[in-house]
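Participant: The structure that follows is given in the form of structure tokens.
The values are calculated or read from the model by the stated rules, or taken from the named source; none is laboratory data. Computed from a predicted structure; not experimentally measured. Because the Cβ atoms are built from the backbone with ideal geometry, glycine has one as well, and the counts that use them run over all protein chains shown.
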Amino acid sequence: MQKGNDRKLKLVPLGGMGEIGKNITVLEYGNDIMIVDCGMGFPEDEMLGIDIVIPDISYLIKNKDKIRGVVITHGHEDHIGSIPYLLKKLEVPIYGTKLTIGLIEKKLIEHRLDNKCLHVVNHDDKIKLGCFQAHFIRSNHSIPDASCIAITTPVGVVFHTGDFKVDLTPVKGEPIDLHTIAEYGKKGVLLALSESTNIESPGYSLSEGSLSNNFIELFKKAKKRIVVATFASNVHRVQQIIDAAKIFKRKIVISGRSMVNVIDVATNLGYLDLNPDMIVNVNDINKYKDKELVIISTGSQGEEMAALSRMAADEHRKIELRQGDTVIISASPIPGNEKSISQVINLLYEKNIEVIYDKLYDIHVSGHAKQEEHKLMLALLKPKFFIPVHGEARHLKKHAELAEKMGIKNKNIMVIKTGDMVEITRKEMKLGQKIQSGNILVDGLGVGDVGNIVLRDRKHLSEDGLIIAVVTIDRSSGTVLSGPDIISRGFVYVRENEDLMVDSRAAVQAALEKCFANNVREWSAIKSAIKDELSKFIYSEIKRRPMILPIIMEVRNS
């Protein structure tokens, strides 16, 4: 039997490695498991029709009796978005700061789950989770109430930075608690896990407070309505917009469900200073002059269904943009969203609307640390072991290189992938067995019922279209009673390709006659023959491979 001091701490990221989003990290020691964050990811371009991506938690379900709780670093979707799906499978306590828990509670209401599992903690609180102790330490990020978490384990301290920046002049609240972080460094940190999103950017990130005067200048120049699109969760940014609107005596219109939800929660909990008299219902927008309004909107990433995208495409039911309006996009593109944002900006320019975005004016600062802030964090923590987290492969690799420059031994730095198990003792850190992990796709109310085969079919349909071949057969005699009929969707325009349709019917007829001549009566074999014959014919004629769906209707004569 192993002594307590000789047992290994196991660390397993079930998301957030080699990707932006879907952050979830599991710590396990003996019969105790604790989880840091439980986020969602956004679908990639080839994930047609998918709404969100959540982590595979099969490992947690198998070990559900060991789970002592989940601690949340902050309230962004890539850190809390999968919590409702986790709670549908597991009954576990969730711990987070006031705003973070407020946002999670809103999500649970939408999913019709109760909130008895939610627990509010304050910064500097320490909570016991089995053999683990989690200490919430005040941090700065683009959402209030962000935390670093120092986890005391039987083998040493694991320090998780969460998403952070060093902001000494935040819009509201206090700066990051560097003093407590340094105290942990003095006592000794065994392992540091540090976010890597902005590791490629040199220097220091700018303070959120540096934008206030820029918004005032832009509001001063605007002659008509102002639309500001930003992340709904960027409460500090929303406060700056509200403050500028107050100076110029403009009313606020809120557009976008997530924006309405976040502003509602943040206002009720005291994180936003917003007088209810400033709010105008979107239905009453035409009762006010253009120069009296500011619209705070979702859609800063060009999301197809977000408010700004619908305004740009003239598809918003309540708000119609007009020449002379000013649109401010106060966000930088998340990797992969550049094309979507560019399309929205081009649509706005076509309407002769004044568009302000990050390439033209300083109206956004990142919530993520740049290189010098990462150096400061590592200098304060002085960890023995280091694992970069929360980033694509290049981010993790760059962060590992920076850590080595800061004096951490190369053998004590590990770049890992989602599903890797890392075994840690006081003396060494090494890879263990691989754990089941990956993406679970959410499409509407369906969770995990869309996999690679369905996505492949959707891609095939979107690129090449569909042909349905319908035929009615007398099973006993093998006689064709009606058809074959050809139905085309997304393949060719039938009225202009009648000859192709006639020849396609002939190809299906030929396949049927061949089957009957060889006494083939199994429907699966007949369908396969129709598919093969029709596919060969179409490719020989126009070099396309549409999806082919044979439908055989059977008639039995008594």
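Participant: With the structure loaded, tell me whether residue 432 is surrounded by 14 or more Cβ atoms within 10 Å (Cβ to Cβ) and under 22 Å from the mean Cα position of the chain (by Cα) or whether it fails that test.
Facilitator: On the way: surrounded by 14 or more Cβ atoms within 10 Å (Cβ to Cβ): yes; under 22 Å from the mean Cα position of the chain (by Cα): no.
Spelling it out, it is not the case that residue 432 is surrounded by 14 or more Cβ atoms within 10 Å (Cβ to Cβ) and under 22 Å from the mean Cα position of the chain (by Cα).
Participant: I would also like to ask the following. From the residues in segment 305-348 that are polar (S, T, N, Q) and not in a helix (DSSP H, G or I), which one is nearest to residue 231 (Cα to Cα)? Give the derivation first.
Facilitator: Filtering segment 305-348 down to residues polar (S, T, N, Q) leaves 309, 323, 326, 330, 332, 337, 340, 342-343, 346.
After this cut, where a residue has to be not in a helix (DSSP H, G or I) as well, the list is 323, 326, 330, 332, 337.
On the way: 323: 25, 326: 18, 330: 8, 332: 10, 337: 14 Å.
Checking each candidate, the answer is 330.
Participant: Which residues, counting only those in segment 397-415, are surrounded by 23 or more Cβ atoms within 10 Å (Cβ to Cβ) and within 23 Å of the chain's Cα centre (by Cα)?
Facilitator: Just the residues of segment 397-415 that are surrounded by 23 or more Cβ atoms within 10 Å (Cβ to Cβ), to begin with: 399, 403.
Matches in segment 397-415: 399 only.
Participant: Could I ask something else about it? Among the candidates 435, 408, 413, which residue alone is within 18 Å of residue 22 (Cβ to Cβ) and in contact (Cβ under 8 Å) with a residue 24 or more places away in the chain?
Facilitator: Working: 408 fails: within 18 Å of residue 22 (Cβ to Cβ); 413 fails: within 18 Å of residue 22 (Cβ to Cβ).
The match here is 435.
Participant: Is it the case, given these coordinates, that residue 166 is in contact with a Leu (Cβ under 7 Å, 6 or more places away or on another chain) and over 16 Å from residue 25 (Cβ atoms)? Reasoning before the result, please.
Facilitator: Working: in contact with a Leu (Cβ under 7 Å, 6 or more places away or on another chain): yes; over 16 Å from residue 25 (Cβ atoms): yes.
So residue 166 fits the description; yes.
Participant: Let me ask something else about it. State all residues of segment 521-550 that are within 18 Å of residue 485 (Cβ to Cβ) and in contact with a Phe, Trp or Tyr (Cβ under 8 Å, 6 or more places away or on another chain); if no residue qualifies, say none. Step through it out loud before you land on a result.
Facilitator: Initial filter on segment 521-550 (within 18 Å of residue 485 (Cβ to Cβ)): 523, 526-527, 529-531, 533-535, 537-538, 546-550.
546, the sole residue that qualifies.
Participant: So, in segment 297-351, of the ones that are under 25 Å from the mean Cα position of the chain (by Cα) and of a type in the set (Asp, Glu), which residue ends up surrounded by the fewest Cβ atoms within 10 Å (Cβ to Cβ)?
Facilitator: Among those residues, the one meeting the criterion is 315.
Participant: Hey, among the residues in segment 193-217 that are surrounded by 20 or more Cβ atoms within 10 Å (Cβ to Cβ) and among the aliphatic types (A, V, I, L, M), which one's farthest from residue 21 (Cα to Cα)?
Facilitator: If we take residues in segment 193-217 being surrounded by 20 or more Cβ atoms within 10 Å (Cβ to Cβ) and among the aliphatic types (A, V, I, L, M), then 211 is farthest from residue 21 (Cα to Cα).
Participant: Which one of these does residue 302 not meet: (1) over 20 Å from residue 171 (Cα atoms); (2) part of a helix (DSSP H, G or I)?
Facilitator: (2)
Participant: Cβ contacts < 7 Å: first residue more than 18 Å from residue 207 (Cα to Cα), restricted to segment 354-368; second residue assigned to a loop (DSSP other than H, G, I, E, B), any location; separation 6+ or different chain. Result?
Facilitator: Listed by first residue and then by second, the contacts come to 356/363.
Participant: Condition test on residue 383, is it surrounded by fewer than 20 Cβ atoms within 10 Å (Cβ to Cβ) and touching a residue at least 24 places away in the same chain (Cβ under 8 Å)? Talk me through it step by step, then tell me what you get.
Facilitator: Working: surrounded by fewer than 20 Cβ atoms within 10 Å (Cβ to Cβ): no; touching a residue at least 24 places away in the same chain (Cβ under 8 Å): yes.
Answer is no for this residue.
Participant: Have a look at 194, 212, 258 and point out the one that is farther than 21 Å from residue 321 by Cβ and not in a strand (DSSP E or B). Spell out the reasoning first.
Facilitator: Numbers: 194 fails: not in a strand (DSSP E or B); 258 fails: farther than 21 Å from residue 321 by Cβ.
Residue meeting the stated conditions: 212.
Participant: Can you pull out the strands (runs of 3 or more DSSP E) entirely within segment 18-114 that have at least 1 residues that are touching an Asp or Glu at 6+ places or on another chain (Cβ under 9 Å) and within 26 Å of residue 155 (Cβ to Cβ)? Lay out the reasoning, then the answer.
Facilitator: On the way: elements: 24-29, 32-36, 52-55, 67-71, 94-96.
Hits in segment 18-114: 24-29, 32-36, 67-71, 94-96.
Participant: Among (1) surrounded by fewer than 19 Cβ atoms within 10 Å (Cβ to Cβ); (2) at pLDDT 95 or above, where does residue 73 come up short?
Facilitator: Condition not satisfied by residue 73: (1).
Participant: Please enumerate the residues belonging to segment 359-376 that are touching a strand residue (DSSP E or B) at 6+ places or on another chain (Cβ under 9 Å) and either under 22 Å from residue 15 (Cβ atoms) or surrounded by fewer than 16 Cβ atoms within 10 Å (Cβ to Cβ) (or both).
Facilitator: 361, 366, 367, 368, 369, 374
Participant: Based on what the data block shows, is residue 276 at negative phi, without any contact (Cβ under 8 Å) to a residue 12 or more places away in the chain and not charged (D, E, K, R)?
Facilitator: Working: at negative phi: yes; without any contact (Cβ under 8 Å) to a residue 12 or more places away in the chain: yes; not charged (D, E, K, R): yes.
Against the criterion (at negative phi, without any contact (Cβ under 8 Å) to a residue 12 or more places away in the chain and not charged (D, E, K, R)), residue 276 qualifies.
Participant: Which of the residues that make up segment 511-534 are surrounded by 15 or more Cβ atoms within 10 Å (Cβ to Cβ) and either over 47 Å from the mean Cα position of the chain (by Cα) or in a loop (DSSP other than H, G, I, E, B) (or both)?
Facilitator: From segment 511-534, those surrounded by 15 or more Cβ atoms within 10 Å (Cβ to Cβ) are 511-512, 515-516, 520, 526-531, 533-534; that's our starting set.
Answer for segment 511-534, where residues must be surrounded by 15 or more Cβ atoms within 10 Å (Cβ to Cβ) and either over 47 Å from the mean Cα position of the chain (by Cα) or in a loop (DSSP other than H, G, I, E, B) (or both): 511, 512, 515, 516, 520.
Participant: A further question follows. Out of the residues in segment 483-498 that are modelled with pLDDT under 75 and small (Gly, Ala, Ser), state the one that is surrounded by the fewest Cβ atoms within 10 Å (Cβ to Cβ). So that I can check it myself, show each step before the final result.
Facilitator: Step one: filter segment 483-498 for residues modelled with pLDDT under 75, giving 483, 489-498.
From what's left, small (Gly, Ala, Ser): 483, 490.
On the way: 483: 18, 490: 13.
Taking the candidates together, the pick is 490.
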